[in-house]
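The following block contains the structure, expressed as structure tokens.
The values are calculated or read from the model by the stated rules, or taken from the named source; none is laboratory data. Note that the coordinates shown come from a computational prediction; the quantities given were computed from them, not determined experimentally. FYI the Cβ positions are ideal-geometry reconstructions off the backbone, even for glycines, and counts take in every protein chain you see. For accessibility, only protein heavy atoms count, side chains too; no ligands or nucleic acids. Shrake-Rupley method; radii C 1.70, N 1.55, O 1.52, S 1.80 Å.
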Amino acid sequence: MTARQNTQNPCPSNALADLNDNTIIIDEFTNSKNSHTSDRFGNKIKTIHHLSCELDQTINNIKNGERYIPNTGGTVTGTIKAKAPVVDKIPAVEKWKEGLGDKSIISSDQWAIFNGSDWPYLGGTSNITIASWWGVGFAPLYSLNNQPQNNTVSIDCRAGTVNARGGFFEDGIKLVKEGDVIKKTLTIESNNAFRLKNTAKNISAVVRFEGEVFWILFTDKNNSDGDFNHLRPFSISATTGRANFQHGVSSGGVPVLRIGDYGIGTKAMTTSSTNRPTGSAFIAIASTDDDKPKVNGGVCGFQSFSTNNGYGMQLVSTNNANEQIKLFARTVENDKKVGEWAEFITTANINQYMLQSVVLYPGGSATKLPILNKSVRIVIDNPFKTRNALAILEINVNGEWAALNSAYSGSGAVASLINDNKIVIQAGGNQLVDKLASYGCTPWDNKSYIYSAPYRVRVIKLGD
């Protein structure tokens, strides 16, 4: 019989019908050109013809180095290709093969790994090279919210840049990048510590510490990457602490006098009109006029040589060599004095015309702060002995100093001048600071009442 009986008798079986089916199955398995046949129970099995074709294909693949990687300990000869033969159509891969003698280990249409030194531009410094169409990324092998994670480290193979989300470290110490805030001491051993470049003007400022001198220097214009030029605008000696401004100092655009400068148009001051230098504005004359201002009894004078109608000038010295000179002027009409002498502001008297300030810590100090409590009244001396001054009460809330000087409904505190020689500090009877900034218009964002706090008084002298 050539037809199967399909008895479904369990195996083993010596029934004649099952022997008939077994004979047919063996014949189809051995001699059929079909890819599959089936056993007595209907299970699909490959024929010898199909197995022979698969074996031939596997042998060819192994010979060509394709698709199959040997187990541990085996050796691959040739290139393991992915998506071949697309890789052979990429010009960049072909150039790599030319440069490295076709030493690629694994290659694809987007990347390749080569065994051997890198491309000659880097001097052949590596033993293995990864070539990528764009870049190489490293990502954590886990998902977050069922989503894969992006690269945490990426290398741009075209630009040569490396990006690391968590920063770069050396020996466990994080390296500084643009925008970082340095919280520890940054040590720079180079003489030129910093170069601040103005790209718009193509000029740079150089911070330099050489020998025992700290400098601020500049490059020439249109040479921001060059060496510093001949200018020496500012330096400080590390041994004496003396600051030097080699090219002068200005205040409000007006040059500040230096030692040796007279500030009245010439340094060539003579003692008589007969040898007065051409173009000089004044000459020194002996002082015999008792009406001239005096400082500690000493006096000498200057006289104008322009016209009879002008200004009389006097330079007043002192008997003490350590004191500065003072300069006075008043109007002269037809050789007659008009008005009183007016004093010029110089380095000798500038302090008495400038604002002056001092910070007071009543009953304490800057290191041991006094405490201001509600309902107290404190009277202290006015250090400037004048009402032409301003007293500002400052308290410290959560490490922040700010002026209080406001009071309403028993809340707040103020510092006020009384007479010429006293300052009164009066605190409110309920609290110093209200619990909401909007109530007392205070600068602190506190959420509760403040009944006491460290305090100080800043006194500013506005003039004589």
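Please give the length that would be gained between Tyr449 and Phe245 if that part of the chain were fully extended, namely 0.36 nm times their separation in residues minus their C-alpha to C-alpha distance (nm, one decimal). Working shown, then result.
Numbers: separation 204, 0.36 × 204 = 73.44 nm, distance 5.20 nm.
Net length gain for the segment: 68.2 nm.
In Å², what does the accessible area per residue of region 372-450 work out to with a 1.4 Å probe?
Values: 4060 Å² over 79 residues.
Here the residues of region 372-450 average 51 Å² of exposed surface.
Tell me, what ³J(HN,Hα) does each residue in region 240-247 have, in order and in whole Hz, if you take phi through Karplus 6.51 cos²θ - 1.76 cosθ + 1.60 with θ = phi - 60° and put x for Gly and Pro?
9, x, 6, 8, 10, 10, 5, 10
Short version: ³J(HN,Hα) in whole Hz for each residue of region 412-424, in order, from phi by Karplus 6.51 cos²θ - 1.76 cosθ + 1.60 (θ = phi - 60°), x for Gly and Pro, what are they?
x, 6, 9, 10, 9, 7, 10, 6, 9, 10, 9, 10, 10
Another question, then. Whose amide H sits under 5 Å from the amide H of Thr47, counting only residues 5 or more places off or on another chain, with H placed in the peptide plane?
Residues meeting the amide H criterion: His36, Thr37.
Can you list the residues, at least 5 places off or on another chain, whose amide H is less than 5 Å from the amide H of Phe234, using H built in the peptide plane?
Ile216, Gln246
Another one. Amide H of Phe194: which non-local residues (sequence gap of 5 or more, or other chain) have their own amide H closer than 5 Å, using H built in the peptide plane?
Val207
Quick check on my link table: of Lys374/Lys447; Lys184/Lys447; Lys422/Lys461; Lys368/Lys422; Lys174/Lys221; Lys374/Lys422, which ones sit more than 25 Å apart, alpha carbon to alpha carbon? Please report the intermediate quantities before stating the final value.
Working: Lys374/Lys447 18 Å; Lys184/Lys447 34 Å; Lys422/Lys461 14 Å; Lys368/Lys422 23 Å; Lys174/Lys221 36 Å; Lys374/Lys422 21 Å.
Violating the 25 Å Cα-Cα cut-off are Lys184/Lys447; Lys174/Lys221.
Okay, moving on. Test of the criteria: in region 399-464, which trypsin sites (Lys or Arg not before Pro) are in a DSSP loop and have at most 13 other Cβ atoms within 10 angstrom of their Cβ? Walk me through the intermediate numbers first.
Numbers: sites: Lys422, Lys435, Lys447, Arg456, Arg458, Lys461; in loops: Lys435, Lys447.
Passing sites in region 399-464 are Lys435, Lys447.
Any idea how far apart Val424 and Gln356 come out in nm if each label point goes 7 Å out from Cα toward Cβ?
2.6
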